[in-house]
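Peer 1: What follows is a single structure, and I will ask about it in a moment.
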């Protein structure tokens, strides 16, 4: 680094939350709640401020200085292999650190109010700050290995926070499930890194991308780049909850709601999208892998959206919605429209965090009730939550001019128009948009309209520790409402940074990310305003149809859903039971593994081999010692006898040697 | 002049007697005397060699051995008295508290 270059102090950005985590984790038990909250907030706020400052500096840098790489200590040096602690800031990671620290800070603020009545307050903030540290490591890393550290770290934080109410069996199990399913994806990531090192001799982004960009596009057949890309994709499906590894995310809703908002909606689960976008050089040279990405994203989007239609737990609806929206991002990556994916990542972070926090506010208001069948008519009782949630709902459903409209519309347009895209994928995406609109307005109507339905279906997950005191519905404290308002504002305006030409904008965001994301990519040029306008109108119409159906089913004619479900009985139960994928995985993978472990690994390998060897070693040692013990008789004259005998032997030897 | 071998033979006989006594007697006092016997057998060979090699170093060693033996006798007898007071026996086979 030459001296004229500005120092952005990138290393401080992840370190600040780590300090917060350390302070709260080590000493927080003795602090009063106010100090714990202050520590938690101050360090994240500082990280946000520093990120914002660094971003401004980056914006003023000449383009050839970007990516800005800040090198620190070497971390691993082995032969020709070297990984440093160094940080990498370009337009892509700039967007990510701003989203992570910004949304993260708001959710921290919200948590101060939400977790007020929960045990383990300091633990919660320590974990949350720890998560921020690892997430910032992930997005600021300058090599795949350092990224992997963050990648594993956020998995750890996610595990700790899902199992936050660890006394509850279901929460502990959900944490374990998330951890194990992610392990499968991490295996793919690891193998991909091995292949990269073998091929390029380095794991640094700059070296890998330079090496990859000198290779030809593997259009004829699958080669090493396709293999790397597919393995990276396996890692991404684990972290970002895509088919086939999405099963952990719905269960992760056992964690406190701010955690669901921060980790399982806004930031961590988008790490896979970030990773694919970051590796765009590799993916662009592996068209087969790109197709796989697009198909997985598209199928996941539709699949999760249909499950979302039949869920009754408010957080689970949002969880499936998250999976579905992540599917959109993968679809965008798969058609090489990476900036559309990152754009949707950003807007999704705003409106999905907002929706989760609003859901948390509703749950808070109802004293731990999560079942939407027991809600209803909350519009007048918690008006601020209602209005902010309305923004979020309209944003995710894709109504203009809210954020979700612009990002989703761009993805659909790119899917249609990009050379990697196809009309079939577009059609599925469009249907998904309609379903998204339907289930979101279903949630909206069931929660806020009609009249209050009390505990018809038993209390749901009562893990929010308020006294469940009947009709004492109350609006949340201001410390929870302010983040809602800010996020609602961004859900409204967040899309305006990337208004396409056809609506009078100039795709600012796409152009901003272009240096990172379209190097050598054949992304669709926005030269078809008529088509774009048509597609946008189509998606608005589809969203309105979703709205209309939700209005009809859950507001106007509340008897219809029951009849509908009865008419489609088999299919309805199948969807309600999430296509029984968990059961299928249980039969196919979990049970065989348990059987193998119990019958072979435990009984044969562990007990039969390892234990047997150890026990036999101990037994024989005891046996031999028992014999040898006889020498230590304690009889002094026998000792003396041995000494004399030894001396005699020595003397005899010396005489014999002397005679020779 | 008595040849060296005679001295060494006597020294060997005395030493073997000491060892034998040490091994077969049970009385601590007798064992103690046997130890003294062995030490003095060695002393004898020292002085014999000293005379034979016309070298005084060995005699210095003899003084060392005598000093050590005297000290040992003092400590050893004290221990024997202490043992006798507590165990009321001088039989070594019955002084086996440390045996497992």
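Peer 1: With the requirement that a residue be surrounded by fewer than 19 Cβ atoms within 10 Å (Cβ to Cβ) and either outside any helix (DSSP H, G or I) or in contact (Cβ under 8 Å) with a residue 60 or more places away in the chain (or both), what does the stretch B:16-38 give you?
Peer 2: B:25, B:26, B:27, B:29
Peer 1: What residue, of B:74, B:69, B:82, is without any contact (Cβ under 8 Å) to a residue 40 or more places away in the chain, loosely packed, with under 11 Cβ neighbours inside 10 Å and within 17 Å of the chain's Cα centre (by Cα)? Full working, then the answer.
Peer 2: Numbers: B:69 fails: loosely packed, with under 11 Cβ neighbours inside 10 Å; B:82 fails: within 17 Å of the chain's Cα centre (by Cα).
Answer to the selection: B:74.
Peer 1: Now, a different point. Would you mention how many residues in the stretch A:47-67 are touching a helix residue (DSSP H, G or I) at 6+ places or on another chain (Cβ under 9 Å) and closer than 24 Å to residue A:104 by Cα?
Peer 2: So the answer is 10.
Peer 1: Right, something else. Go through the stretch A:375-421 and give me each residue that's surrounded by fewer than 17 Cβ atoms within 10 Å (Cβ to Cβ) and free of Cβ contacts under 8 Å to residues at least 60 places away in the same chain.
Peer 2: Once the filter is applied, which keeps residues that are surrounded by fewer than 17 Cβ atoms within 10 Å (Cβ to Cβ) and free of Cβ contacts under 8 Å to residues at least 60 places away in the same chain, the stretch A:375-421 yields A:380, A:390.
Peer 1: Right, something else. Look at residue A:173 and say whether it is exposed (fewer than 15 other Cβ atoms within 10 Å of the Cβ), touching a residue at least 24 places away in the same chain (Cβ under 8 Å) and out of contact with any strand residue (DSSP E or B) (no Cβ under 7 Å at 6 or more places or on another chain). I'd like the intermediate steps shown before the answer.
Peer 2: Working: exposed (fewer than 15 other Cβ atoms within 10 Å of the Cβ): yes; touching a residue at least 24 places away in the same chain (Cβ under 8 Å): yes; out of contact with any strand residue (DSSP E or B) (no Cβ under 7 Å at 6 or more places or on another chain): yes.
Yes; evaluated as a whole, the condition is true for this residue.
Peer 1: Applying the selection to the stretch A:623-644, what residues are in a helix (DSSP H, G or I) and surrounded by 10 or more Cβ atoms within 10 Å (Cβ to Cβ)?
Peer 2: Kept after step one, since they are in a helix (DSSP H, G or I), are these residues of the stretch A:623-644: A:623-631, A:636-644.
Result: A:623, A:624, A:629, A:636, A:637, A:638, A:639, A:640, A:641, A:642, A:643, A:644.
Peer 1: Go through (1) within 13 Å of another protein chain (Cβ to nearest Cβ); (2) over 26 Å from residue A:645 (Cα atoms) and name the single condition residue B:82 misses.
Peer 2: Answer for residue B:82: the failing condition is (1).
Peer 1: Conditions: (1) crowded, with 17+ Cβ neighbours inside 10 Å; (2) within 24 Å of the chain's Cα centre (by Cα); (3) assigned to a helix (DSSP H, G or I). Residue A:54 meets all but one. Number of the miss?
Peer 2: Failed condition: (2).
Peer 1: Can you say whether residue B:46 is buried (at least 17 other Cβ atoms within 10 Å of the Cβ), touching a helix residue (DSSP H, G or I) at 6+ places or on another chain (Cβ under 9 Å) and closer than 20 Å to residue A:646 by Cβ, as far as the supplied structure shows?
Peer 2: Details: buried (at least 17 other Cβ atoms within 10 Å of the Cβ): yes; touching a helix residue (DSSP H, G or I) at 6+ places or on another chain (Cβ under 9 Å): yes; closer than 20 Å to residue A:646 by Cβ: no.
Judged against the criteria, residue B:46 is not a match.
Peer 1: State yes or no: is residue A:608 in contact with a helix residue (DSSP H, G or I) (Cβ under 8 Å, 6 or more places away or on another chain), assigned to a helix (DSSP H, G or I) and free of Cβ contacts under 8 Å to residues at least 60 places away in the same chain?
Peer 2: Numbers: in contact with a helix residue (DSSP H, G or I) (Cβ under 8 Å, 6 or more places away or on another chain): no; assigned to a helix (DSSP H, G or I): yes; free of Cβ contacts under 8 Å to residues at least 60 places away in the same chain: yes.
Taking the combined requirement at face value, the residue does not satisfy it.
Peer 1: Ok, one more. Looking for something within 14 Å of another protein chain (Cβ to nearest Cβ), closer than 30 Å to residue B:93 by Cβ and free of Cβ contacts under 8 Å to residues at least 12 places away in the same chain - is there at least one such residue anywhere in the stretch A:616-624? Before the answer, list the steps.
Peer 2: Going residue by residue through the stretch A:616-624, those that are within 14 Å of another protein chain (Cβ to nearest Cβ) are none.
No - not one qualifying residue is present in the stretch A:616-624.
Peer 1: I would also like to ask the following. When you look at residue A:360, is it touching a residue at least 40 places away in the same chain (Cβ under 8 Å) and out of contact with any helix residue (DSSP H, G or I) (no Cβ under 6 Å at 6 or more places or on another chain), yes or no?
Peer 2: Judged against the criteria, residue A:360 is not a match.
Peer 1: Restricting attention to the stretch A:23-44, and to residues there that are in contact (Cβ under 8 Å) with a residue 40 or more places away in the chain and surrounded by fewer than 18 Cβ atoms within 10 Å (Cβ to Cβ), which single residue is nearest to residue A:86 (Cα to Cα)?
Peer 2: A:25
Peer 1: Name, by its number, the condition in (1) surrounded by fewer than 16 Cβ atoms within 10 Å (Cβ to Cβ); (2) modelled with pLDDT under 75 that does not hold for residue A:452.
Peer 2: Tallying (1) surrounded by fewer than 16 Cβ atoms within 10 Å (Cβ to Cβ); (2) modelled with pLDDT under 75, residue A:452 fails exactly one: (2).
Peer 1: What is the number of the single condition among (1) more than 14 Å from chain B (Cβ to nearest Cβ); (2) on the phi < 0 side of the Ramachandran plot that residue A:578 does not meet?
Peer 2: (2)
Peer 1: Suppose we filter the stretch A:173-216 for residues that are out of contact with any helix residue (DSSP H, G or I) (no Cβ under 7 Å at 6 or more places or on another chain) and outside any helix (DSSP H, G or I); how many remain?
Peer 2: Within the stretch A:173-216, residues that are out of contact with any helix residue (DSSP H, G or I) (no Cβ under 7 Å at 6 or more places or on another chain) and outside any helix (DSSP H, G or I) number 4.
Peer 1: Let me ask something else. Say whether the condition of being closer than 25 Å to residue A:648 by Cα, within 14 Å of chain A (Cβ to nearest Cβ) and either at pLDDT 90 or above or in contact with a strand residue (DSSP E or B) (Cβ under 7 Å, 6 or more places away or on another chain) (or both) is met by at least one residue in the stretch B:45-65.
Peer 2: Yes, that holds for at least one residue.
Peer 1: Those residues that are without any contact (Cβ under 8 Å) to a residue 40 or more places away in the chain and either surrounded by 23 or more Cβ atoms within 10 Å (Cβ to Cβ) or under 24 Å from the mean Cα position of the chain (by Cα) (or both), I need them from the stretch A:216-245; list them, please.
Peer 2: Result: A:227, A:244.
Peer 1: What's the number of the condition residue B:41 fails, among (1) within 14 Å of another protein chain (Cβ to nearest Cβ); (2) not in a helix (DSSP H, G or I)?
Peer 2: The failed condition is (2).
Peer 1: Follow-up. List pairs: first residue in the stretch A:532-545 and touching a residue at least 40 places away in the same chain (Cβ under 8 Å), second residue surrounded by fewer than 22 Cβ atoms within 10 Å (Cβ to Cβ) and outside any helix (DSSP H, G or I) anywhere in the structure, Cβ distance under 9 angstrom, at least six positions apart or on different chains.
Peer 2: Final answer for the pair search is A:532/A:500; A:532/A:526; A:536/A:400; A:536/A:500; A:540/A:399; A:540/A:400; A:543/A:399; A:544/A:399.
The values are calculated or read from the model by the stated rules, or taken from the named source; none is laboratory data. Predicted model, so just to flag it, every value in this text is computed and none were measured. Every residue, glycine as well, gets a Cβ built from its backbone with ideal geometry; the counts of neighbours run over all protein chains shown.
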